[in-house]
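Structure, as structure tokens:
Where a number appears in this text, it was derived from the coordinates with a stated rule and is not lab data. Since the structure is predicted, the reported quantities are computational estimates derived from the model, not experimental observations. Ideal geometry is used to build each Cβ from the backbone, glycine not excepted, and the neighbour counts take in all protein chains shown.
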Amino acid sequence: MIYCQGPICHEHKTKDRIRGSKGDKHYETRKRTSFYYGNGNFCCQTCMYEWLTMYGTRAVDHFGRIHEPKRTDASGAWYKTYVYNRGNYPTINYQHYFVNDLLGERRPITEAQYNDNNLVRP
């Protein structure tokens, strides 16, 4: 079992956080076999954002604050996308593309090329 890492998870008043017997009832941090938020560290978005509010600045300072903008040049700015046109129901026609907004280009590709994770630029 893992515990939610939210700093005040135990203070949220929900029925699933109530623990203890009749005379010793209290709220506890949620525990589960897996969580869905923050790479499996938080029980809900509220707890994730509370952690980020409390510790986010320290985490950025620890792991490296950016002091200059990062850049991507035109050769590395390609991405895959698609559009679909609905024909007569139930037909849907997909058109797949490589797009580079910096160059203003859009190149058609096949669905197989779109699904190929190794293909990152035309």
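Residues whose amide H lies under 5 Å from that of Ile109, counting only those 5 or more places away or on a different chain, are His96, Tyr97, Phe98; hydrogens are built 1.01 Å from N in the peptide plane. Within the chain, how many lysine pairs that are 8 or more places apart, or on different chains, have C-alpha atoms less than 16 Å apart? Here the count comes out as 4. Here the peptides 102-110, 34-42 are ranked by packing, the mean other Cβ count within 10 Å, and the order with the highest first is 34-42, 102-110. Counting only DSSP H runs of at least 4 residues, each contributing -39500 (n - 2.57), and dividing by the residue count of the chain, the helix-based mean residue ellipticity at 222 nm comes to -6000 deg cm²/dmol.
For region 58-122, the dipole from Cβ point charges (+1 on Lys and Arg, -1 on Asp and Glu) about the Cα centre works out to 120 debye, to the nearest 20. Per-residue Karplus couplings for region 49-65, computed as 6.51 cos²θ - 1.76 cosθ + 1.60 with θ equal to phi - 60°, are listed in order as 6, 5, 5, 4, 5, 7, 10, x, 5, 5, 5, 5, 5, 5, 8, x, 7 Hz, Gly and Pro entered as x. Applying both filters, DSSP loop and at most 13 other Cβ atoms within 10 Å, to the trypsin sites (Lys or Arg not before Pro) of region 28-92 gives Arg65, Lys70, Arg71.
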